[in-house]
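Down below is the structure, laid out as C-alpha cells.
The values are calculated or read from the model by the stated rules, or taken from the named source; none is laboratory data. It should be emphasised that the depicted structure is a prediction, and the values quoted were computed from it without experimental measurement. Glycine also receives a Cβ, built like all others from the backbone with ideal geometry; neighbour counts cover every protein chain displayed. Side chains included, ligands, DNA and RNA excluded: accessible areas come from the protein's heavy atoms. Shrake-Rupley method; radii C 1.70, N 1.55, O 1.52, S 1.80 Å.
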Amino acid sequence: MKHEKAKKFGMVIDLDKCTGCGTCMVACMAENNVPFREDDTDKLISVAWMRVYRLTNGKPFPHTEECFLPRPCMQCEGHDGHSPCVSVCPATATDYDMSTGIVSQIYTRCFGCRYCMAACPYHVRQFNWWDPLWPEKMTESLNPDVSVRMRGVVEKCSFCIHRYQTATQKANLEGRRELEEDEYQTACTQACPAGAITFGDLNNPGHAVHQMVKPDPNHGGRPKNPKAFRLLERLGTNPKVYYLSSRKWVRRAGDNYIRQEGSQNHS
Amino acid sequence: MDSALIPKGVKRCPTWQFVLWIGAVSGVLLWGVVAMVLIYFKGLNQTNMNNAYGFALWIWADLAVIALGGGAFFTGFLRYLVGKDELKNIVNYAVLVGFCCYVSALMILGFDIGQPLRGWFIFWHANVHSMLTEVAFCLSAYLGVLTIEYIPLILENRQINKVPFFHHLAHNMHEIMAVFAATGAFLSFFHQGSLGGVPGVLFARPFGYRTGVFVWPWTFFLFTWSAAACGPCFTIFITKLTEKIVGKKLVKDNVIELLAKISGWMLTGYIIAKIIDTVYWATVTAPSKGFAFMDFYTNNPGSIYGIWILIAEIGICGVIPAAILITDRGRKSKTALWLAVLLAIIGVCLNRWVMVLQVLAVPVLSFESWFTYFPSWQEIATTILPVALGTIVVSLSYRYLPVFPQERELNPYEPAADDVLEPETQELAEAELKPAQA
Amino acid sequence: MFPFSFEWIWDAGHMVFMGGLWYALTIMGLGVTYCIIKAAVDASGENDGNHH
Ligand code: SF4
Ligand code: SF4
C-alpha cells in the first residue's frame with residue numbers, strides 16, 4: 001500500500017466575517033451530542049465544544065469596537081505532537097494523531113483526573129460534571145456516529161473526526177485513497193451562515209486553508225499572511241486554528257505582550 | 001479496661017477519656033464520610049470546581065500532605081542511610097505521621113477523579129511521560145514502603161508480640177529496615193519531584209511553567225527539596241503537639257534539635273534555590289511567553305493573589321524559619337522553635353497552593369479575566385476526613401504501641417495497684433524491650 | 001504497566017520508568033518475603049526448643 005502523505009487538518013476563521021450569531025455552537029452541539037442542562041447559564045460548568053467569545057478594544061464610546069471570536073479545539077501540535085494536553089494525560093486517554101493532526105479523546109479510557117484541563121490554556125477541555133440527560137424525545141435525534149459521554153470524563157472538540165472516518169470509508173469503497181477537499185468538512189464550517197470558517201488540510205497547497213494563511217513550515221506553521229494569527233502563538237502550542245483579521249487590536253488580542261514590547265504582531 | 005494492650009511502664013489516660021476523644025474525632029470523620037458518599041454517588045458536581053478550576057482544594061491537599069509527609073522518608077534516610085543514630089527516637093513517629101499523610105493523599109486522589117472505578121487505568125494504561133503517572137506509581141509504592149515500616153511497630157504491641165512468629169517478624173523487619181528506607185528514599189525523590197513537575201511541565205500555563213534539565217523542570221527539584229526541608233518540621237510540630245496534648249515529654253531535646261538543625265540547613269538551601277528560580281522565571285521564562293512578572297499578581301478580584309503571597313511564601317515563611325533553625329539559639333528557644341516549624345509548614349503549604357491554584361487562576365487568553373474559586377463544604381469535609389482518620393490512627397498507635405522509645409526514661413512511672421503486671425507479661429518483659437531498641 | 005498492554009513500547013521512557021518501578025517493587029517484595037520466611041523458621045525453631 002502506498003504510504004499517503006500525512007495530513008494536517010486545520011481551520012481558518014475570518015473574524016472580519018463572523019457576526020457572533022452562534023450557529024457554529026448550535027451545529028456543534030447537535031452534531032456531537034454535546035450534553036446540556038436545563039439551566040446552562042453558568043458557562044464554567046456547562047459543556048460546549050465550540051464557544052464564541054466577545055472581544056472589545058476596551059476604548060470608550062465612540063471608539064468602542066467589538067469582535068467575535070469562535071474557539072474550537074486548536075488541535076495543538078506543540079513540538080512534534082507534544083501538545084500541552086496530550087503529553088500530560090496519565091492514562092493515554094488523549095492522543096495526537098500524526099496522520100491527521102487531530103487530538104483525539106478516548107471517553108471510555110479517560111478517568112477524569114482533569115490534568116489535561118489544567119494544561120490547556122484555551123479552556124477547550126470541559127468536564128462532564130453531571131450525567132448527560134436528554135429530554136425524552138431528543139434521544140431519538142442524537143447523532144448515531146458520535147458516542148455520548150458519561151459523567152466524570154473530559155470531552156472536547158474533535159474536528160468532527162467521525163465525518164473524516166465516514167468519508168474515508170466511503171472513498172475507500174470507491175477505490176480512492178485520497179479525499180476531496182469538500183468530502184470532509186466540520187459541522188461548524190458548514191453551518192456558519194457568514195462563511196467565516198474554512199476547513200481543510202494545511203499540508204495540501206491546493207486547499208483553501210493553506211492558501212489563506214500560508215503556513216511557514218520552518219517556523220512551526222506560523223502564518224505568512226500578515227492578516228493571520230494564531231491564539232497564544234508565543235506559548236509554543238502550535239495550534240492548527242488560524243484567525244484572520246484586518247484589525248490590529250484584534251490580532252494583538254490573540255497573544256500576550258509585555259507593555260513596552262512593540263507590536264510583534266504583523267501590522 | 002484495655003491495660004493489657006498498653007505498653008508496659010508507661011501511663012495512658014483512662015479508657016473513658018480515650019473513648020471520648022476518639023468519639024469526638026469520629027464525629028468529624030462521620031461528617032467527612034457523609035460528604036464522601038455524596039461525592040461518590042452524585043459525582044463531582046458536589047464540588048465548586050469548574051472547567052477553569054479542574055484542579056482545586058483536593059489537589060492542593062494532596063501536594064501539601066505529601067510534602068508534610070516527607071518527614072518520613074527524610075528522617076528514615078538520615079537515620080538508616082546517613083547514620084544519624086539519635087533519630088531512632090523519632091523515626092517511628094515520623095513513619096506513623098508519614099503513613100497517615102500518604103493514606104490521606106491516596107484517599108483524596110480517589111475522591112478527585114471523575115470516574116473512580118477507572119482509577120486503575122492510571123497504572124494499566126500508564127503514559128510514562130506524564131508527571132501524574134509517576135506520582136501515582138511512586139506514591140502507591142511508597143505507601144507500601146511506609147506500611148512495611150509501620151508494621152513492625154504494630155507487631156510490637158504487648159499482646160501481638162507474644163506470638164513468636166510476630167515477634168520474630170518484627171525483629172527481622174527491623175534488621176533490614178535500611179533496605180526499605182533506601183527504597184523509600186528513592187521512590188520519594190521521584191514522586192515528590194513529579195508533584196513539582198505537575199505544574200512545571202505545563203508549557204502553556206506561564207505561571208507554572210519552568211525550564212529545567214532533561215525531562216525535569218526546576219520545580220521537580222524544588223518540590224523534593226522543600227519536602228525534605230519542611231517534612232521534618234512537620235514531624236517536629238506533630239511531636240511537640242502530641243507532647244502538649246498528653247502533657248509529657250516524649251522525645252529528648254537533643255533529638256529534636258538535631259532534626260531541626262538539618263531541616264534548617266535544608267530550608268536555607270531550598271530558599272536560596274527558590275529565590276534564584278523565581279528571579280529566573282520572572283525575568284526570563286515568563287517574559288518569553290509575553291507575561292510581565294507583575295501580571296501574575298495584579299488585577300485579580302480582592303487581590304487574593306497579590307504580591308503579598310510571594311513575600312509570605314519566600315520571605316516570612318521561608319527565610320525567617322530557615323534563619324531561626326540554623327542558629328543554635330533559635331533551636332534552643334521553645335517559642336522560636338515553635339514559630340519556625342509553624343512558618344515552615346505554612347510556607348510549604350502556601351507554595352503548593354500557588355503552584356496549583358494560582359496557575360489556573362491567572363488568565364492566559366488576553367480576553368479572559370481571573371478565575372475565582374471557593375471550595376464547597378463537601379470538598380472541605382472530604383479534605384478533613386483523612387485528617388480525622390489520621391488523628392485516630394495516631395491516637396490508637398500512641399496508646400497501644402511503643403512509638404516513643406524514650407518515653408519510659410523521660411517519664412518514670414510506678415504502676416498503680418490495679419495495674420500490676422500479670423505474671424505472664426512479666427516473663428515477656430525482656431523480650432519486649434529488644435525490638436524497641438533494634 | 002505490563003509489556004502486554006497494547007500501548008506498551010520498548011522505548012527508553014518505558015524501560016527507565018517501568019524498570020525503576022519494578023526494581024523497587026521487587027526489592028520490597030523480596031524483603032518482605034525474606035522477613036516472613038525467616039520469622040516462620042525462627043518461630044518454629046523456638047517452638048521446637050520449647051518442646052524438648
Ligand atoms: S486547544 Fe487545548 S485541548 Fe485542544 S489540543 Fe490544544 S491544549 Fe489540547
Ligand atoms: S481527565 Fe481524562 S483525558 Fe484528561 S488527563 Fe485525565 S485521564 Fe487524561
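When B:F214, B:F203 are checked against the criterion of being over 30 Å from B:A260 (Cβ atoms) and either buried (at least 21 other Cβ atoms within 10 Å of the Cβ) or at pLDDT 95 or above (or both), B:F203 stands alone in meeting it. Scanning the range A:116-136 turns up at least one residue that is surrounded by fewer than 16 Cβ atoms within 10 Å (Cβ to Cβ), within 13 Å of chain B (Cβ to nearest Cβ) and among the hydrophobic types (A, V, I, L, M, F, W, C). With respect to the conditions (1) farther than 26 Å from B:H191 by Cα; (2) open to solvent by less than 60 Å² (accessible area, probe 1.4 Å); (3) assigned to a loop (DSSP other than H, G, I, E, B), B:Y53 falls short on a single one, namely (1). As a summary of the residue check, B:E149 satisfies the conditions (1) closer than 30 Å to B:D2 by Cβ; (2) assigned to a helix (DSSP H, G or I); (3) open to solvent by less than 20 Å² (accessible area, probe 1.4 Å) except for the one numbered (3). Per the conditions (1) over 26 Å from A:R222 (Cα atoms); (2) free of Cβ contacts under 8 Å to residues at least 60 places away in the same chain; (3) surrounded by 15 or more Cβ atoms within 10 Å (Cβ to Cβ), the sole criterion not satisfied by A:V86 is (1). Is it the case that B:E368 is in a loop (DSSP other than H, G, I, E, B), among the acidic types (D, E) and either free of Cβ contacts under 8 Å to residues at least 60 places away in the same chain or in contact with a His (Cβ under 8 Å, 6 or more places away or on another chain) (or both)? So B:E368 passes the test. One residue stands out in the range A:94-112 among those that are within 17 Å of B:L44 (Cβ to Cβ) and open to solvent by less than 20 Å² (accessible area, probe 1.4 Å): the one that is farthest from ligand 1 (Cβ to nearest atom), namely A:F111. Within the range A:103-160, if we keep just the residues that are acidic (D, E) and under 20 Å from the mean Cα position of the chain (by Cα), the residue that is farthest from ligand 2 (Cβ to nearest atom) turns out to be A:D145.
Would it be correct to say that A:T166 is open to solvent by 60 Å² or more (accessible area, probe 1.4 Å) and out of contact with any Asp or Glu (no Cβ under 9 Å at 6 or more places or on another chain)? Criteria not met by A:T166. As an exercise: evaluate B:N48 against (1) open to solvent by less than 50 Å² (accessible area, probe 1.4 Å); (2) within 26 Å of the chain's Cα centre (by Cα) and give the number of the one condition it does not meet. B:N48 satisfies all of (1) open to solvent by less than 50 Å² (accessible area, probe 1.4 Å); (2) within 26 Å of the chain's Cα centre (by Cα) except (1). When the residues of the range C:10-50 are filtered to those that are aromatic (F, W, Y) and either assigned to a helix (DSSP H, G or I) or at the interface with another protein chain (Cβ under 7 Å from one of its Cβ atoms) (or both), the one that is farthest from B:F165 (Cα to Cα) is C:F17. Checked against (1) within 14 Å of chain A (Cβ to nearest Cβ); (2) aromatic (F, W, Y); (3) within 22 Å of C:W22 (Cβ to Cβ), B:Y102 passes all but a single condition, namely (1).
Applying the condition of being closer than 21 Å to A:C28 by Cβ and of a type in the set (V, I, T) to the range A:73-102 and asking which residue is farthest from ligand 2 (Cβ to nearest atom) yields A:T100. Here A:Q190 clears all of (1) touching a residue at least 24 places away in the same chain (Cβ under 8 Å); (2) under 25 Å from A:P121 (Cα atoms) except the condition numbered (2). Looking at the range A:32-47, is at least one residue at pLDDT below 95, in contact with a helix residue (DSSP H, G or I) (Cβ under 6 Å, 6 or more places away or on another chain) and within 20 Å of B:S369 (Cα to Cα)? Scanning the range A:32-47, I find no residue that is at pLDDT below 95, in contact with a helix residue (DSSP H, G or I) (Cβ under 6 Å, 6 or more places away or on another chain) and within 20 Å of B:S369 (Cα to Cα), so the answer is no. A:E180 fulfils the conditions (1) more than 21 Å from B:M131 (Cα to Cα); (2) at pLDDT below 95; (3) within 14 Å of ligand 1 (Cβ to nearest atom); (4) among the charged types (D, E, K, R) except for a single criterion, (3). Going by the conditions given, is A:R151 at the interface with chain B (Cβ under 7 Å from one of its Cβ atoms), among the basic types (K, R), within 16 Å of ligand 1 (Cβ to nearest atom) and in contact with a Gly (Cβ under 8 Å, 6 or more places away or on another chain)? Against the criterion (at the interface with chain B (Cβ under 7 Å from one of its Cβ atoms), among the basic types (K, R), within 16 Å of ligand 1 (Cβ to nearest atom) and in contact with a Gly (Cβ under 8 Å, 6 or more places away or on another chain)), A:R151 does not qualify. Being among the polar types (S, T, N, Q) and open to solvent by 20 Å² or more (accessible area, probe 1.4 Å) is a condition met by at least one residue of the range B:324-331.
With respect to the conditions (1) under 20 Å from the mean Cα position of the chain (by Cα); (2) more than 26 Å from A:N32 (Cα to Cα), A:E261 falls short on a single one, namely (1).
In this structure, A:D42 does not satisfy being acidic (D, E), within 14 Å of ligand 2 (Cβ to nearest atom) and open to solvent by 60 Å² or more (accessible area, probe 1.4 Å).
Could you go through the range B:247-267 and let me know if any residue there is at pLDDT below 95 and either touching a strand residue (DSSP E or B) at 6+ places or on another chain (Cβ under 8 Å) or within 14 Å of chain A (Cβ to nearest Cβ) (or both). Among the residues of the range B:247-267, not one is at pLDDT below 95 and either touching a strand residue (DSSP E or B) at 6+ places or on another chain (Cβ under 8 Å) or within 14 Å of chain A (Cβ to nearest Cβ) (or both), which makes the answer no.
Taking helices (runs of 4 or more DSSP H) as the structural unit, those lying wholly within the range A:163-267 and holding at least 2 residues that are more than 14 Å from every other protein chain (Cβ to nearest Cβ) and not basic (K, R) correspond to A:187-191, A:208-213. You will find that of B:G184, B:G110, the residue that is surrounded by fewer than 23 Cβ atoms within 10 Å (Cβ to Cβ) and either within 14 Å of chain A (Cβ to nearest Cβ) or out of contact with any strand residue (DSSP E or B) (no Cβ under 8 Å at 6 or more places or on another chain) (or both) is B:G110 and no other. If you filter the range B:113-135 down to residues that are within 13 Å of ligand 2 (Cβ to nearest atom), farther than 22 Å from B:V387 by Cβ and in contact (Cβ under 8 Å) with a residue 24 or more places away in the chain, you find that the one that is surrounded by the fewest Cβ atoms within 10 Å (Cβ to Cβ) is B:H129. Among residues of the range A:58-78 that are part of a loop (DSSP other than H, G, I, E, B) and open to solvent by 30 Å² or more (accessible area, probe 1.4 Å), those with a beta-carbon under 6 Å from a residue that is more than 16 Å from ligand 1 (Cβ to nearest atom) and at pLDDT below 95 at least six positions away or on a different chain give the pairs A:E65/A:N57.
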